[in-house]
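*Asks:* Encoded as structure tokens, here's the structure I'll be asking about.
The values are calculated or read from the model by the stated rules, or taken from the named source; none is laboratory data. These figures come from a predicted structure and were not determined experimentally. A quick note on method: Cβ atoms are made from the backbone with ideal geometry, for glycine too, and the neighbour counts reach across all protein chains shown. Surface areas here come from the heavy atoms of the whole protein model, side chains and all, with no ligands, DNA or RNA. Shrake-Rupley method; radii C 1.70, N 1.55, O 1.52, S 1.80 Å.
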Amino acid sequence: MRRTKTDQWSQELRDVRDPAELFGGSAQTAVLRLLTMAGKVPFRSAFDGLTLREQAFVRHLLGRQQLRLTPPGVDAPARFVLAHSMLGKLTVHEPARGDLPTEEVVAEIALPGWMTEMLDEECLTAEAEEEHQRYELDHLLHTWHTDGSLSERLEEVIDWVERVETVLVYVQRRVFSRSDSGSSTLIRDGVLPALRDRAPADWSPEERLFVAAIQLLFRTGRAVRFEEFNGRQLSAVGLRRVLTTRCAAYLRALGEPVTGQVSTATLTELAAFAGDLVELVDGGDHMRYRRVNGLTYAKDEYLLPWAQDQRSQAVLPRTLRTLTDTLTGPVDDGDPASWVRQATAAALRTAHHGGDEHGLTRILEGIVLGAVVDAHADYGMSSGIRDLSRLSGPAGQYGEEVAGLKKPDFFCCVLPSPEMAAELPGDAVTDILWQVAQRMMYNRWHFVPGNFDRIEVPRQRHYFFPPLVPDIGEWGDLRHGGHSTARVRYTLRAPGAAMWKQPLTVAGRQYRGAFDIRLVRMDGPPFTLDDLRIACRYSALVDVFWREIARYADAHDGWTPTITSFGADWYTKHTWHEPVGRLVASTQTVGA
């Protein structure tokens, strides 16, 4: 029986809220359990999702072992009430101050008066700083309103929040969200459309903050920057801290001094500066990557020191070496990138003159399976378009070829590890692989329009901005229905073309997010940075594969093969077992 997202998540909530864990021990231990979903959300990220007063409350619990939580309603009404939402978010309420819980109350606590006084003192100072920083954002909105650009900027924000998978941002108690699988206050509930034809002075303070901050964040790296605030409080103070830290980190990676100019710059200047530095960082010896938490949807960017000359595969994977005898023409196995280039060229000649594209299929299978084995994943995948010529056309123009693309015009090669193939029934493996393949075909179709200027893409065509940087994910199976049934707990993704390479060019048009390597573990341990390096190196081999097809098309009047494998029949007939079987056979031969 399939595990559903609802069943699994309900059990997680019951475990976290277990009375035996919340009552009897220290309040700090119990609150941290609720706050981090028993350690599944990093403390820093969970703490950043609290209001200023809630943060002060948590800080004052730390180290005070004598404080205890009590079950709701057991004793006299307590000053502080703890609620825990269906999303697993902790909120702390004070009914006496008019702050009433709207989610399920799980515990209460009475703090001594002197401690409450300390909370008041801290909050007054923090609120004063936030008020001061918000003045700059309010002034920015007033300027846009005065020069007549605010209406257009609001429409941009409305459009941008539709281009990322999930927005889940808190401003005090208000939720600003857009999700296919959760709440959608921004668009479906009309928060942003309701601001049209109204002056900023008539917006709420939370609405003014959100619109101004989103405009600035987009300048630093498109709409994906919004996801860095997912599960967190958005504040003017926090926005300045993030922009300042981002500029400082980029300057350090570039070997440039961090001057006082960063600390004195306006928010507008910081956002523009961060956006300018991104391209320089991507061209240097640091790789940007993100860590993704499946519970909060947060996607945090980090920099990995990694020289560009180390980002290529050094040894030809065994999964590719076994294909050498099946290829037409000489192939040099001294350099893996050269091997893939020559092997792809040989397979293209065979497909062009004989109509058999299975040589290309086997190369892609070998790359995917090599990544699965080297990274000790349970399964992995690479998706792309079946006929690359469908992406060709005048540079920058969203023409009929692209407009006519549908989900079946894309494919996803998903392969299990030999261990997964041996341990699970064949039909169970097929079920997981085909579910994943269909989702990736949908995603790939959704990424293509994001490579064009907004004005080129019809308004009715929904799409996402394509992924640009590698990421490491955890707990994806606890919130996403498809991930639950496919047991996608820990993930790696290395999209292509990588940001340190030129975009994939197809007859004049340039693309990011046109292909990738994705790896999955259904259980622990989580992936590491070494695993991420492996995924990036294998993604670089997929890059060589597609660029060779594009080069061949340029030299042969635009002809490209159509990859017919990896459809429903390919999975249901257990064709996925063939590359796995070849690998197992080669391993047994070497062992003998």
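*Asks:* Can you find a residue that is more than 32 Å from the chain's Cα centre (by Cα), part of a loop (DSSP other than H, G, I, E, B) and more than 24 Å from residue 526 (Cα to Cα) anywhere in the range 1-23?
*Replies:* Checked against the condition, which is being more than 32 Å from the chain's Cα centre (by Cα), part of a loop (DSSP other than H, G, I, E, B) and more than 24 Å from residue 526 (Cα to Cα), the range 1-23 yields at least one hit.
*Asks:* How about the range 565-582: which of its residues are more than 19 Å from residue 322 (Cβ to Cβ) and either part of a helix (DSSP H, G or I) or at pLDDT below 95 (or both)?
*Replies:* Quick first cut of the range 565-582, residues more than 19 Å from residue 322 (Cβ to Cβ) only: 566-574.
If the condition is that a residue be more than 19 Å from residue 322 (Cβ to Cβ) and either part of a helix (DSSP H, G or I) or at pLDDT below 95 (or both), then 568, 569, 570, 571, 572 are the ones that fit.
*Asks:* If you don't mind, another one. Condition test on residue 90, is it within 25 Å of residue 11 (Cβ to Cβ), open to solvent by less than 50 Å² (accessible area, probe 1.4 Å) and among the aliphatic types (A, V, I, L, M)? Write out each step before concluding.
*Replies:* Numbers: within 25 Å of residue 11 (Cβ to Cβ): yes; open to solvent by less than 50 Å² (accessible area, probe 1.4 Å): yes; among the aliphatic types (A, V, I, L, M): yes.
Answer is yes for this residue.
*Asks:* Since residue 374 meets every condition but one in (1) over 30 Å from residue 248 (Cβ atoms); (2) in contact with a strand residue (DSSP E or B) (Cβ under 6 Å, 6 or more places away or on another chain), which condition does it not meet?
*Replies:* (2)
*Asks:* Kindly provide the set of residues from the range 26-78 that are of a type in the set (Gly, Ala, Ser) and either more than 15 Å from residue 106 (Cβ to Cβ) or open to solvent by less than 30 Å² (accessible area, probe 1.4 Å) (or both), ordered by number. Before you say what the answer is, go through the steps one by one.
*Replies:* Taking the range 26-78 and keeping what is of a type in the set (Gly, Ala, Ser), we get 26-27, 30, 38-39, 45-46, 49, 56, 63, 73, 76, 78.
If the condition is that a residue be of a type in the set (Gly, Ala, Ser) and either more than 15 Å from residue 106 (Cβ to Cβ) or open to solvent by less than 30 Å² (accessible area, probe 1.4 Å) (or both), then 26, 27, 30, 39, 45, 46, 49, 56, 63, 76, 78 are the ones that fit.
*Asks:* Within the range 272-295, work out how many residues are in contact with a Leu (Cβ under 8 Å, 6 or more places away or on another chain), of a type outside the set (D, E, K, R), under 30 Å from residue 488 (Cα atoms) and open to solvent by 20 Å² or more (accessible area, probe 1.4 Å).
*Replies:* 1
*Asks:* Sort out which residues of the range 225-271 are surrounded by fewer than 16 Cβ atoms within 10 Å (Cβ to Cβ) and in contact with a Lys or Arg (Cβ under 8 Å, 6 or more places away or on another chain), and write them in order of number.
*Replies:* Hit for the range 225-271 is 258, nothing else.
*Asks:* Return yes or no: is residue 8 more than 24 Å from residue 173 (Cβ to Cβ) and either at pLDDT 95 or above or surrounded by 13 or more Cβ atoms within 10 Å (Cβ to Cβ) (or both)?
*Replies:* Values: more than 24 Å from residue 173 (Cβ to Cβ): yes; either at pLDDT 95 or above or surrounded by 13 or more Cβ atoms within 10 Å (Cβ to Cβ) (or both): yes.
Answer is yes for this residue.
*Asks:* Among the residues of the range 123-138, is there at least one that is part of a helix (DSSP H, G or I), touching a Leu at 6+ places or on another chain (Cβ under 6 Å) and under 27 Å from residue 60 (Cα atoms)?
*Replies:* For the range 123-138, residues part of a helix (DSSP H, G or I), touching a Leu at 6+ places or on another chain (Cβ under 6 Å) and under 27 Å from residue 60 (Cα atoms): present.
*Asks:* Would you pick out the residues in the range 179-191 that are in contact (Cβ under 8 Å) with a residue 24 or more places away in the chain and either surrounded by fewer than 18 Cβ atoms within 10 Å (Cβ to Cβ) or more than 17 Å from residue 226 (Cβ to Cβ) (or both)?
*Replies:* Of everything in the range 179-191, those that are in contact (Cβ under 8 Å) with a residue 24 or more places away in the chain and either surrounded by fewer than 18 Cβ atoms within 10 Å (Cβ to Cβ) or more than 17 Å from residue 226 (Cβ to Cβ) (or both) turn out to be 181, 182, 187.
*Asks:* Here is a further query. Which is open to solvent by 30 Å² or more (accessible area, probe 1.4 Å), assigned to a helix (DSSP H, G or I), of a type outside the set (Lys, Arg) and closer than 25 Å to residue 525 by Cα, of 373, 368?
*Replies:* The conditions single out 373.
*Asks:* Of all the residues that make up the range 460-510, how many are within 13 Å of the chain's Cα centre (by Cα), under 21 Å from residue 223 (Cβ atoms) and of a type in the set (D, E, K, R)? Before you say what the answer is, go through the steps one by one.
*Replies:* Step one: list which residues in the range 460-510 are within 13 Å of the chain's Cα centre (by Cα), which gives 464-476, 480, 490-495.
With the extra rule that they be under 21 Å from residue 223 (Cβ atoms), the set shrinks to 464-473, 476, 480, 491, 493-495.
Now narrow it down to the ones that are of a type in the set (D, E, K, R): 471, 493.
Number of matching residues: 2.
*Asks:* Search the range 209-237 for residues that are within 15 Å of residue 156 (Cα to Cα) and pair each with any residue that is of a type outside the set (A, V, I, L, M) and part of a loop (DSSP other than H, G, I, E, B) when their beta-carbon atoms are under 6 Å apart and the residues are at least 6 apart or on different chains.
*Replies:* The qualifying pairs are 222/465; 223/163; 223/465.
*Asks:* I need the full set of residues from the range 240-281 which are touching a residue at least 60 places away in the same chain (Cβ under 8 Å) and under 28 Å from residue 297 (Cα atoms), in order please. Full working, then the answer.
*Replies:* Residues of the range 240-281 that are touching a residue at least 60 places away in the same chain (Cβ under 8 Å), as a first pass: 240, 266-268.
If the condition is that a residue be touching a residue at least 60 places away in the same chain (Cβ under 8 Å) and under 28 Å from residue 297 (Cα atoms), then 240, 267, 268 are the ones that fit.
*Asks:* I'm checking my understanding of the structure. Among residues of the range 340-365 that are within 33 Å of the chain's Cα centre (by Cα) and either over 22 Å from residue 414 (Cα atoms) or among the basic types (Lys, Arg) (or both), which one is most open to solvent (accessible area, probe 1.4 Å)?
*Replies:* The selected residue is 341.
*Asks:* If you don't mind, another one. Checking the condition farther than 24 Å from residue 300 by Cβ and not small (Gly, Ala, Ser), which residue from 31, 41, 58, 74 passes? Break it down into steps so the answer makes sense when it comes.
*Replies:* Values: 31 fails: farther than 24 Å from residue 300 by Cβ; 41 fails: farther than 24 Å from residue 300 by Cβ; 58 fails: farther than 24 Å from residue 300 by Cβ.
Residue meeting the stated conditions: 74.
*Asks:* Give me the pairs: first residue in the range 449-469 and closer than 16 Å to residue 395 by Cβ, second residue in a helix (DSSP H, G or I), beta-carbon distance under 8 Å, and six or more apart or on different chains, which are they?
*Replies:* Cβ pairs passing all conditions: 449/402; 452/402; 457/449.
*Asks:* What single numbered condition from (1) closer than 29 Å to residue 229 by Cβ; (2) open to solvent by 60 Å² or more (accessible area, probe 1.4 Å) fails to hold for residue 17?
*Replies:* (2)
*Asks:* Can I ask one more? Determine which member of the set 539, 565 is hydroxyl-bearing (Ser, Thr, Tyr) and surrounded by fewer than 22 Cβ atoms within 10 Å (Cβ to Cβ).
*Replies:* Numbers: 539 fails: surrounded by fewer than 22 Cβ atoms within 10 Å (Cβ to Cβ).
Exactly one residue qualifies, and that residue is 565.
*Asks:* Further, regarding this structure: Looking at (1) among the small types (Gly, Ala, Ser); (2) in a helix (DSSP H, G or I); (3) in contact with a strand residue (DSSP E or B) (Cβ under 9 Å, 6 or more places away or on another chain), which is the only condition residue 585 fails?
*Replies:* (3)
*Asks:* Quickly run through the range 514-557 and pick out the residues that are of a type outside the set (Asp, Glu), outside any helix (DSSP H, G or I) and more than 19 Å from the chain's Cα centre (by Cα). Show your work before the answer.
*Replies:* Narrowing the range 514-557 to residues of a type outside the set (Asp, Glu): 514-515, 517-522, 524-529, 532-542, 544-547, 549-553, 555-556.
Among the residues that remain, those that are also outside any helix (DSSP H, G or I) are: 514-515, 517-522, 524-528, 556.
524, 525, 556, listed by residue number.
*Asks:* Looking at this structure, is residue 148 over 20 Å from residue 482 (Cα atoms), open to solvent by 50 Å² or more (accessible area, probe 1.4 Å) and without any contact (Cβ under 8 Å) to a residue 24 or more places away in the chain?
*Replies:* On the way: over 20 Å from residue 482 (Cα atoms): yes; open to solvent by 50 Å² or more (accessible area, probe 1.4 Å): yes; without any contact (Cβ under 8 Å) to a residue 24 or more places away in the chain: yes.
When the stated conditions are applied, residue 148 passes them.
*Asks:* Could you look through the range 398-410, keep only residues that are open to solvent by less than 30 Å² (accessible area, probe 1.4 Å) and not in a loop (DSSP other than H, G, I, E, B), and pick out the one that is nearest to residue 516 (Cα to Cα)? Don't jump to the end; show me each part of the working.
*Replies:* Step one: list which residues in the range 398-410 are open to solvent by less than 30 Å² (accessible area, probe 1.4 Å), which gives 398-399, 402, 405, 410.
Now restrict to residues that are not in a loop (DSSP other than H, G, I, E, B): 402, 410.
On the way: 402: 19, 410: 13 Å.
Going through the qualifying residues, I end up with 410.
*Asks:* Sticking with this one: Could you grab me the full set of residues in the range 192-203 that are in a loop (DSSP other than H, G, I, E, B) and open to solvent by 20 Å² or more (accessible area, probe 1.4 Å)? Quick ask: steps written out before the conclusion?
*Replies:* Within the range 192-203, the subset in a loop (DSSP other than H, G, I, E, B) is 192, 196-199, 203.
Within the range 192-203, 196, 197, 198, 199 meet the criteria.
*Asks:* A further question follows. Working only within the range 279-307, note down all residues that are modelled with pLDDT of 95 or more and in a helix (DSSP H, G or I).
*Replies:* Result: 280, 281, 282.
*Asks:* If a residue has to be closer than 24 Å to residue 494 by Cβ and free of Cβ contacts under 8 Å to residues at least 60 places away in the same chain to count, how many in the range 548-586 make the cut?
*Replies:* Total meeting the criteria: 2.
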